[in-house]
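Visitor: Would you mind keeping the following structure in view while I ask a few things?
The values are calculated or read from the model by the stated rules, or taken from the named source; none is laboratory data. All values reported here derive from a predicted model rather than from experimental measurement. Because the Cβ atoms are built from the backbone with ideal geometry, glycine has one as well, and the counts that use them run over all protein chains shown. Surface areas here come from the heavy atoms of the whole protein model, side chains and all, with no ligands, DNA or RNA. Shrake-Rupley method; radii C 1.70, N 1.55, O 1.52, S 1.80 Å.
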Amino acid sequence: YFVGSSDTKDFEILKRPTTLTYDGATSGARGEVVTLSATLTDDRKGGAGIAGKPIVFELGSLSGTAVTDSSGRAAMEVRLDLDPEGEYQVVVRFAGDGYYLASVDTVDFDVTWQFTFEDDLKRGSIFLNPSTKEFRFVSGGGEDRSSIKHDPSMQVEERFVRILFSDEEITLAGLFDLKTGLFAATVKTAGGLYELHATGTCSRDPAGCA
């Protein structure tokens, strides 16, 4: 006859590895609505998207959750109610589940001041990035100067930022008030000399913006 016996062994379930890649906006002006997005893929299936999984988005004090679609992409819109003087990163997370391993991705994000104007220079916008000290002048009417970036002389004081730049088409000397978020400048173009006063999604206090 046979004597009964038994044995036990540990059994480990290997979850499938994933990759989460942030592919949304990496900059925006204060008060602007931007789209944050990320794509979750299955490393064992040649990078195929994973559908129906919750992805957590974090940007400064802003956060939210979106579910991946059939391609593995999740997206959400946020309004940038953030101080442009801060340093920010977008962090996206997939917590994992019983079948998939967790994954995360992190990308730097720049928040800028934006000023809008409508005067002798027609309608347009001015963008100022306090972190990179980049100044961008975009004119929406008359001359087409869309998305031209300048490397200005920029002097940061306790309350004001003084800006001076010049190229073959325009010279601008401006003063940005860090306390009120207002911008004023003298602009010289081929058409003459202008005074520019700009307001927009600019102030630390949203109520202070026109």
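Visitor: Which net charge results when you count Lys and Arg as +1 and Asp and Glu as -1 among the other residues whose beta-carbon is under 12 Å from that of residue 17?
Guide: Neighbourhood net charge equals +2.
Visitor: Return the FRET efficiency for the residue pair residue 108, residue 48: r is the Cβ-Cβ distance, R0 is 41 Å, and the value is rounded to the nearest 0.05.
Guide: 0.90
Visitor: A follow-up question, please. For every other residue with a beta carbon closer than 11 angstrom to the beta carbon of residue 109, add +1 if it is Lys or Arg and -1 if Asp or Glu, then tell me the sum.
Guide: Net charge around residue 109: -4.
Visitor: Here's something else I'd like to know. Please work out how much accessible surface residue 107 shows to a 1.4 Å probe, ignoring ligands, DNA and RNA, in Å² rounded to 10.
Guide: Surface open to solvent at residue 107 totals about 40 Å².
Visitor: Could I ask something else about it? Using amide H atoms built 1.01 Å from N in the peptide plane, name the residues 5+ places from residue 112, or on other chains, whose amide H lies under 5 Å from its own.
Guide: Result for residue 112 returns 28, 29, 30.
Visitor: Can you sort 30, 16 by 1.4 Å-probe accessible area, starting with the largest?
Guide: 16, 30
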